[in-house]
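The values are calculated or read from the model by the stated rules, or taken from the named source; none is laboratory data. Not measured: the values here are computed from a predicted model. Every residue, glycine as well, gets a Cβ built from its backbone with ideal geometry; the counts of neighbours run over all protein chains shown.
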Amino acid sequence: MRTIMHVDMDAFFASVELKRRPDLAGRPVIVGGRGDPTRRGVVSTATYEARVFGIHSGMPLRTAARLCPDAVFLPVDFTAYRAASERVFEHLGAVTGRLQPVGLDEAYLDISDRPEDALDIGRRLKADILAGTGLVASVGIGPNRLLAKIASDLEKPDGLTWLRPTDVPDRVWPLPVRTLHGVGPRTAERLAGLGVQTVGDLAALPADRLRGAFSERHARSLQRAAHGEDDRPVQTERVRKSIGRERTFQQDCRSSGRLAHEARQMLDGVHARLMERGLAAKTVTVKLRYRDFTTHTRSRTLPAPTDRIAPLADAVHECLYAHRLHRAVRLLGVQLSGLTPATTAGV
Ligand code: TTP
Ligand code: MG
């Protein structure tokens, strides 16, 4: 039996901000965009004091200001969050090298080979992180990644929770089915069509009804997740090799100006995903498919990995103009690869 720990920092961006603005402690603080709710942008995160007003990540800043007119709005400062993340990961690395980072504020640790009580390890880790960074982590422990992640969320903030397989009916089945890894909005919608709202509903659903709505493989993995089963290993090395986007035009594109504009928009989206995952990229690739379906790619490799948009945008521009742009283009793709955690990339 494995023992997996999931660590997730509480209200991460906002908590880092509060370290340098202790005068804001206890107030509803919202971090997002340029920190100005009259301009476009969404909430990255909010303190728990702000969350009671219904404010959550992804919400337009304007809406947040309406829900909580007294909130303090702060701009996103990735440099500060990356520095804080780096310090948090030093504490995680001291527990074990069997560590899988997930973005800046989250990681899985495989502590199966540790003789001590897992709760003791968790308690000590939380205390070390607090002492070293002033930040509060929630820790979940379970027999696999699925349950460890659910556990770290159960008693947030400042949680320390162990979910054993025998706890699944009491503690996991009442949760909404979206809690499960692998259940996104589309799957949840289809499950709702089968009358499934909670994890327990899913666990109780006859297998043939699930197989009617999903592929054999998907049905099987949903069923397993509903019973708290998951055998994904903690991956010490990142398996993700690239992040990219592609777009097929409604009508073939013949304008290099429009292609440049589209490529920049796609890069913005891809770059946002890079930041969310706390990664830096070394190589930029632009793919074009012409009307006759011939497909060409052009790549640029930067001297060092970066997560800054400007050098990535320059590289996209260079790649694009290395293509023959006078032909009709039906598909455009932008991809970042050579990915490394931004915390170790020295960016
Ligand atoms: P989360 O761990 O999802 O959120 P959180 O740490 O703010 O709050 P908690 O874990 O206590 O529920 O995400 C970590 C950081 O990632 C978060 O502080 C801000 C950033 N983030 C975004 O920028 N956009 C998003 O949509 C989400 C979900 C997070
Ligand atoms: Mg968090």
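Please work out if PRO174 is more than 16 Å from ligand 1 (Cβ to nearest atom), within 26 Å of GLY122 (Cβ to Cβ), in a loop (DSSP other than H, G, I, E, B) and touching a residue at least 12 places away in the same chain (Cβ under 8 Å). Answer is yes for this residue. Can you confirm whether GLU189 is farther than 30 Å from ALA280 by Cα and either in contact with a strand residue (DSSP E or B) (Cβ under 6 Å, 6 or more places away or on another chain) or in contact (Cβ under 8 Å) with a residue 60 or more places away in the chain (or both)? For GLU189, the condition - farther than 30 Å from ALA280 by Cα and either in contact with a strand residue (DSSP E or B) (Cβ under 6 Å, 6 or more places away or on another chain) or in contact (Cβ under 8 Å) with a residue 60 or more places away in the chain (or both) - is not met. The criterion of at least 1 residues that are farther than 28 Å from ALA226 by Cβ and out of contact with any strand residue (DSSP E or B) (no Cβ under 8 Å at 6 or more places or on another chain) is met by none of the strands (runs of 3 or more DSSP E) falling completely within segment 99-153. All of ARG51, ARG2 fail the test of being charged (D, E, K, R) and more than 16 Å from ligand 2 (Cβ to nearest atom), apart from ARG2. Scanning segment 88-137 for residues that are farther than 21 Å from PHE12 by Cα and not polar (S, T, N, Q) yields a count of 13. Within the bounds of segment 269-276, is there any residue that is within 16 Å of ligand 1 (Cβ to nearest atom), under 30 Å from ALA83 (Cα atoms), modelled with pLDDT under 90 and not hydrophobic (A, V, I, L, M, F, W, C)? Yes.
Within segment 120-140, residues that are touching a residue at least 24 places away in the same chain (Cβ under 8 Å) and surrounded by fewer than 19 Cβ atoms within 10 Å (Cβ to Cβ) reach partners that are assigned to a helix (DSSP H, G or I) and among the small types (Gly, Ala, Ser) with beta carbons closer than 7 Å, at six or more positions or on different chains, in the pairs VAL136/SER15. Restricting VAL31, VAL88, VAL43 to those that are free of Cβ contacts under 8 Å to residues at least 24 places away in the same chain, buried (at least 22 other Cβ atoms within 10 Å of the Cβ) and within 16 Å of ligand 2 (Cβ to nearest atom) reduces the list to VAL43.
Of all residues in segment 68-79, none that is aliphatic (A, V, I, L, M) has its Cβ atom under 6 Å from the Cβ atom of a residue that is exposed (fewer than 13 other Cβ atoms within 10 Å of the Cβ), 6 or more apart or on another chain.
Within segment 140-166, take every residue that is away from ligand 1 (no atom under 16 Å from the Cβ), of a type outside the set (A, V, I, L, M) and closer than 21 Å to ASP113 by Cα and give me the one that is nearest to the chain's Cα centre (by Cα). Step by step, filter segment 140-166, then rank; the result is ASN144. Within segment 203-220, being part of a helix (DSSP H, G or I) and surrounded by 18 or more Cβ atoms within 10 Å (Cβ to Cβ) holds for ALA203, LEU210, ALA219. Would it be correct to say that PHE293 is outside any helix (DSSP H, G or I) and at positive phi? Criteria met by PHE293.
Here is a yes/no grid of residues against (1) more than 30 Å from ALA25 (Cα to Cα); (2) among the small types (Gly, Ala, Ser):
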site: ARG123; (1), (2): no, no
site: TRP162; (1), (2): no, no
site: ARG190; (1), (2): yes, no
site: LEU210; (1), (2): yes, no
site: ALA213; (1), (2): yes, yes
site: SER221; (1), (2): yes, yes
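Condition check for PRO305 on (1) farther than 28 Å from VAL42 by Cα; (2) touching a Lys or Arg at 6+ places or on another chain (Cβ under 9 Å); (3) in a strand (DSSP E or B); (4) not small (Gly, Ala, Ser): one failure, at (1).
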